[in-house]
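Working notes, beginning with the structure itself.
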Amino acid sequence: MILAFDTSSAACTAALFDGSGTCIGRRDELIGRGHSERLIPMLAELLEGRTAQEILVGVGPGSFTGIRVAIAAAHGLAIGWGVELSGMSSLALLAAANDEAAAVAVTGGHGELFVQEFDASHEPSSELRNLVPMRAAAKTKAPLVIGSGAKQLVDARSWGEARQAWPSAANALNLPPSLRTLAPKPVYARAPDARAMEAA
C-alpha cells in the first residue's frame, strides 16, 4: 500500500492506495490551522492498524509550518516502518485533480502567490514563481486558474476562470513520476521570514 498526505495548505489531506494504485481510503478536511494536532489522528483513522510500503508527502510550496509538520511525520513513519519515502509537489497535486491545462495559484506570505502552470498531463509548463498578484498575472497564460489564490490572480489580470481548491492526497498517483519522486524536504519557493542572526 501507498500512504500519501499533504498539509501545505489550509487542508489536511491523506489517502491510502492499494497495490494496484486504487484509492481505498481518503480524508480531506479544511482545518485552517492545527495540522500538527490533526494529522496523526487522521492517519490512524485511515490506516486502521495497517502499515504502508511507501509514503508520499507533500513538500510544498505553501505554509511554512504546514510543510514541516507533514515532512516530520513522514520521516517518523518511514523510519518506524522501514519503508521508502518520497516527496510530491503540492502545487502539482492541485493540478492533478483536473484533466486540462491550468495555472495553480496558492496564497503565500506578504501578499504574494506561489504560481506554476501545468499541462493536461500535469507536467510543469512554467517554472515555479513567487510573485505579487499583478506580476503573477503577467506571467500566466492558462485560462483556468486553480487554488487558494486563484481569484486574486484572475482579478489581477481581469480574465480567465478562477477555481478555488485545496490539495487532495487522493490525486497523488495522478502526478507524473517526476513530481512524486522528489526529495522529502521542504520546497519553500521563498526564504523563511525567520532568519538566524549574523555574528557580529
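Going residue by residue through segment 110-123, is there one that turns out to be of a type in the set (S, T, N, Q), surrounded by fewer than 24 Cβ atoms within 10 Å (Cβ to Cβ) and under 20 Å from Cys12 (Cβ atoms)?
No, because not a single residue in segment 110-123 is of a type in the set (S, T, N, Q), surrounded by fewer than 24 Cβ atoms within 10 Å (Cβ to Cβ) and under 20 Å from Cys12 (Cβ atoms).
I'd like the full set of residues that are over 18 Å from Val59 (Cβ atoms) and either in contact with a helix residue (DSSP H, G or I) (Cβ under 6 Å, 6 or more places away or on another chain) or among the aromatic types (Phe, Trp, Tyr) (or both), limited to segment 114-141.
Listed by number, the residues that qualify are Pro133, Met134, Ala136, Ala137.
Looking at Cys12 and the list (1) assigned to a strand (DSSP E or B); (2) surrounded by fewer than 16 Cβ atoms within 10 Å (Cβ to Cβ), which single condition is not satisfied?
(2)
Can you list the strands (runs of 3 or more DSSP E) found entirely within segment 109-200 that contain at least 1 residues being more than 30 Å from Ser86 (Cβ to Cβ) and modelled with pLDDT of 95 or more?
Working: elements: 113-118, 129-131, 144-146, 161-163.
Counting at least 1 such residues, we get 161-163.
The values are calculated or read from the model by the stated rules, or taken from the named source; none is laboratory data. Nothing here was measured: the structure is a model prediction, and the numbers come from that model. Glycine also receives a Cβ, built like all others from the backbone with ideal geometry; neighbour counts cover every protein chain displayed.
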